[in-house]
Every structure is written in structure tokens, then in C-alpha cells.
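Everything on this sheet refers to the single structure shown next.
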């Protein structure tokens with residue numbers, strides 16, 4: 001299976017070690033996910049949005065190109081090629097203000113374009129799925145908000161946006177969300193258990 005991972009954290013994919021002021025639990029989750037995928041013999045392809053210098057802003061030029069179904073951004077072309085070849089898509093990012101960071105949102109805005117990810121007909125009509133190879137999406141995200149509060153009071157905004165409002169809308173099945181509450185306040189043993197579960201999750205993908 002070919003798995004495309006979209007990683008969004010300013011510290012980068014290498015910040016997985018438990019070093020104060022230079023650590024990212026998102027990066028630790030990435031390391032665990034890649035280890036699980038390797039155990040299962042899957043092909044993991046990593047997009048590190050910050051390392052790539054990806055611009056998430058939908059500029060006037062980018063919007064005009066989207067409407068013309070073209071793009072002059074080589075990163076968007078590259079990302080679309082890699083997404084089109086993926087059997088499974090993984091997003092790893094920290095939850096900030098109950099939503100993904102700008103890079104992840106920009107990836108949705110600038111990469112999942114009509115004519116590539118879906119076909120649009122008339123307003124109110126279902127979209128036609130074009131990403132036929134993509135069989136599912138998994139999200140891994142650390143968050144400071146307690147899980148019960150995120151689910152009840154805030155009504156799971158990231159799932160609503162990423163799943164109901166994006167991937168379910170364009171016909172992608174098997175959508176899975178895994179939130180990790182306040183890892184910085186947890187013990188090292190608790191974090192390690194979460195990482196081992198993540199590795200097992202991806203080994204069984």
C-alpha cells in the first residue's frame with residue numbers, strides 16, 4: 001500500500017526526541033506511524049509542508065488558476081501527483097484554536113482542486129469523485145483541549161471540516177480521527193504508550 005503523509009509543524013519532522021523547547025509530539029507521532037508502516041511493508045511518502053516552504057495562501061493568481069483548472073505552483077503539481085498515486089492519506093498536525101494549522105488548510109484549498117480531486121456539476125448536486133485510488137484518510141493530532149470537551153462543547157470542528165466538509169463530500173470512505181490530549185502534561189510513560197499504539201495502528205493499516 002502506498003501511504004501519503006502530510007506533516008504540518010514548524011519544528012519539522014526531525015523534532016521527535018523529547019528535548020525541551022525543541023520537541024514536537026506531532027513529529028513523534030510521525031516517527032511512530034512511519035515505523036508501523038515499515039513493519040507492514042507499506043510504502044510511506046512524506047510531505048513536510050514547512051520543510052517544502054509550501055505557501056498555503058490562496059492568492060488572486062492561485063484562485064484564477066484554480067478556476068481555469070491549471071496551476072503554476074510546482075509544489076501543487078508535485079503534491080497532486082503524489083496524492084493521485086496514494087492508497088491512503090494521513091494528516092499529522094497540532095490542533096490550534098480547534099482547527100488544523102494554516103498549512104493543512106492551505107493543502108486542502110490549493111491541492112484538492114476541481115478536475116483533480118472531484119468534479120462539480122450544479123449547486124446542491126453531489127460531487128463526482130475523481131481520486132478513485134484513495135481509500136481512506138487518517139488524522140493524528142495532539143491538542144490541549146480535553147477530549148470530552150472537544151467532542152461535546154466544541155462539537156468536533158476538525159472532523160466536521162476535514163471529514164464531512166471535505167473528504168466525505170468528495171466521496172472518500174474510511175475516515176479516522178485520533179486526538180492526543182495534552183501530551184506535554186502527560187508522563188513520559190503515557191506518551192510512550194500512545195506512540196506504541198500509533199505504531200501498531202499503522203502496522204495494521
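Read-outs throughout are calculated quantities, based only on the coordinates presented, and are distinct from any laboratory measurement. Fair warning: this is a prediction, and the values are worked out from it, not measured in the lab.
For the range 77-184, count the residues as N, evaluate 2.2 N^0.38 Å, and divide the Cα radius of gyration by that value, please.
For the range 77-184, the normalised Cα radius of gyration is 1.12.
Work out, step by step, the length gained on full extension between residue 193 and residue 67: first 0.36 nm times the residue separation, then minus their alpha carbon distance; give nm to one decimal.
40.7 nm
How would you classify the range 127-205 from its alpha-carbon gyration tensor, with a ≥ b ≥ c the square roots of the eigenvalues: rounded for a/c under 1.5, else prolate if a/b is greater than b/c, otherwise oblate?
Here the range 127-205 falls in the oblate category.
Give me the number: length gained by fully extending residue 122 to residue 155, i.e. 0.36 nm times residue separation minus the C-alpha to C-alpha distance, one decimal in nm.
8.9 nm
For the range 1-98, what ratio Rg/Rh do Cα atoms give with a Kirkwood hydrodynamic radius?
Radius of gyration over Kirkwood radius for the range 1-98 works out to 1.03.
Compute the orientation-averaged projected area for the chain from the convex hull of its Cα atoms and round it to one decimal in nm².
11.8
What Kirkwood hydrodynamic radius, in Å, does the range 63-111 give when the mean of 1/r is taken over all pairs of distinct Cα atoms and then inverted?
Here the Kirkwood hydrodynamic radius works out to 12.3 Å.
Of the beta bridges DSSP finds with both residues in the chain, what % are antiparallel, to the nearest 5?
Given both bridge residues lie in the chain, the antiparallel proportion sits at roughly 10 percent.
For the chain, calculate the relative contact order in percent as a whole number, restricting contacts to Cα pairs under 8 Å that are 6 or more residues apart.
26
Based on DSSP H runs of at least 4 residues, each adding -39500 (n - 2.57), what is the mean residue ellipticity at 222 nm of the chain after dividing by all its residues, to the nearest 500 deg cm²/dmol?
Rounded to the nearest 500, the figure is -10000 deg cm²/dmol.
Expressed as a rounded percentage, what relative contact order does the range 106-173 have, with Cα pairs under 8 Å and six or more residues apart?
36
Quick check: Cα centre of the range 49-72 to Cα centre of the range 123-176, how many Å?
22
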